[in-house]
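Student: My questions all concern the structure below.
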Amino acid sequence: MNPGYSENIEVLRSRLLQKDYYPATTLVTNFLRRWGYVAATELFREAEGNELAPGVWQAAIASLRHTPEEAIVLDALEGPDNCHLMSVEVGCNPGQPGPAFSYTVGLWHNFSHPELICIGLGASAASSLLGFYVKRIASGKAPQTDLPLQDIEGYAIQFKTCRPEAKTQYLYWATWFNSTPDYPVMQLVWQDKNSRWPWDDDFHPPRSPAAVTQLDFSEASTLGLKAPGTPRLAGTVLEHSPSRRPGPSSGSNWFGVAIGAISWLDSQASP
């Protein structure tokens, strides 16, 4: 439980009962940004916000506009596959070299399925692979672990259950959305051009800036201990979501509701 959680519930409920909607919205917004989406929804529910003033929640969500959190929440809640895909390319920060990587946000919350991560492939290849399996998971066809699958132009891949280091070093936004590091992760592991796995001798990744190496975070491996630090400092964050809605009107209905919620705050605020 987050520090001061019970106190925040009581303060929020008091604000809502007194119709102090702007201070209530500020409280929810700050909690959302600091502790993540799932924790904020629980806070609002336990404070009876859904019954007392649902517009406060919509106004807090509207505060995410033009932030990374916006794309994550939109895709995880409204995308066709209820999942966001985050990609980070290596090379932006020479002082902190590391592999390119991509991972999912929303699989655990929406499907009780481990989040997925792919390390060492460029954003396009990783997005395509992860997007394919996201759709399968959304349709109830989850992949098995430790089972080689033919997927990359005749080369095999397989999924491995990850150790906790994968979450602390790579899946920053998945941890934010889930409001906890207590969720499972599976790594999509791929073969090199000579059909060798990362744990095999003489494994060679593709020679390109976007595919530097592949670190094995599976439970039986120690290779993952060589991973770089916080992913937000390791490269350029890209948005390659398999559930992104195309076109300039993407998300317009969602924000229309939120803007309406702000108008509702104005009309309902205490004199």
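Student: Give Asp192, Asp200, Asp146 a once-over and let me know the one that is surrounded by fewer than 19 Cβ atoms within 10 Å (Cβ to Cβ), over 20 Å from the mean Cα position of the chain (by Cα) and at positive phi. So that I can check it myself, show each step before the final result.
Tutor: Details: Asp192 fails: at positive phi; Asp200 fails: at positive phi.
Only one candidate passes the filter, namely Asp146.
Student: Count, please, the residues in segment 182-212 that happen to be modelled with pLDDT of 80 or more and closer than 16 Å to Met86 by Cβ.
Tutor: Matching residues across segment 182-212 total 5.
Student: Another question, if that's okay. Scan segment 161-186 for residues that are surrounded by fewer than 22 Cβ atoms within 10 Å (Cβ to Cβ) and among the basic types (Lys, Arg) and report the count.
Tutor: Counting residues in segment 161-186 that are surrounded by fewer than 22 Cβ atoms within 10 Å (Cβ to Cβ) and among the basic types (Lys, Arg) gives 1.
Student: Please give the number of the condition Ile137 fails out of (1) surrounded by fewer than 19 Cβ atoms within 10 Å (Cβ to Cβ); (2) touching a helix residue (DSSP H, G or I) at 6+ places or on another chain (Cβ under 7 Å); (3) assigned to a helix (DSSP H, G or I).
Tutor: For Ile137, the exception is condition (1).
Student: Also, quick follow-up: Can you tell me which of Lys135, Lys160 is under 18 Å from Asn110 (Cα atoms) and either free of Cβ contacts under 8 Å to residues at least 40 places away in the same chain or among the basic types (Lys, Arg) (or both)?
Tutor: Just one listed residue meets the conditions, Lys135.
Student: Still on this structure, I have one more. Identify, please: which residue in segment 116-143 is more than 18 Å from the chain's Cα centre (by Cα) and among the aliphatic types (A, V, I, L, M) and is, among those, modelled with the highest pLDDT?
Tutor: Ala142
Student: Related question: Could you please find all residues in segment 164-188 being under 14 Å from Leu107 (Cβ atoms), part of a loop (DSSP other than H, G, I, E, B) and hydroxyl-bearing (Ser, Thr, Tyr)?
Tutor: The one that is under 14 Å from Leu107 (Cβ atoms), part of a loop (DSSP other than H, G, I, E, B) and hydroxyl-bearing (Ser, Thr, Tyr): Tyr183.
Student: Residues Glu51, Glu46: which one is without any contact (Cβ under 8 Å) to a residue 12 or more places away in the chain, farther than 30 Å from Val134 by Cα and of a type outside the set (Ser, Thr, Tyr)? Reasoning before the result, please.
Tutor: On the way: Glu46 fails: without any contact (Cβ under 8 Å) to a residue 12 or more places away in the chain.
Step by step, each of Glu51, Glu46 is checked, and only Glu51 is without any contact (Cβ under 8 Å) to a residue 12 or more places away in the chain, farther than 30 Å from Val134 by Cα and of a type outside the set (Ser, Thr, Tyr).
Student: Another question about this same structure. Could you list, in sequence order, the residues of segment 17-39 that are closer than 19 Å to Thr175 by Cβ, in a helix (DSSP H, G or I) and not polar (S, T, N, Q)? Please lay out each step first, then the result.
Tutor: The initial filter retains those residues of segment 17-39 that are closer than 19 Å to Thr175 by Cβ, namely 30-39.
With in a helix (DSSP H, G or I) added as a condition, the list becomes 30-35, 37-39.
Of everything in segment 17-39, those that are closer than 19 Å to Thr175 by Cβ, in a helix (DSSP H, G or I) and not polar (S, T, N, Q) turn out to be Phe31, Leu32, Arg33, Arg34, Trp35, Tyr37, Val38, Ala39.
Student: Of the residues Glu7, Glu70, Glu51, Glu46, which single one is over 29 Å from Ser112 (Cβ atoms) and among the acidic types (Asp, Glu)?
Tutor: On the way: Glu70 fails: over 29 Å from Ser112 (Cβ atoms); Glu51 fails: over 29 Å from Ser112 (Cβ atoms); Glu46 fails: over 29 Å from Ser112 (Cβ atoms).
Residue meeting the stated conditions: Glu7.
Student: Now for a different question. Say we look at segment 148-163 and pick out the residues that are farther than 16 Å from Val185 by Cα and part of a loop (DSSP other than H, G, I, E, B); which of these is modelled with the highest pLDDT?
Tutor: Going through the qualifying residues, I end up with Pro148.
The values are calculated or read from the model by the stated rules, or taken from the named source; none is laboratory data. Keep in mind that this is a model prediction, so the values were computed, not measured. Glycine also receives a Cβ, built like all others from the backbone with ideal geometry; neighbour counts cover every protein chain displayed.
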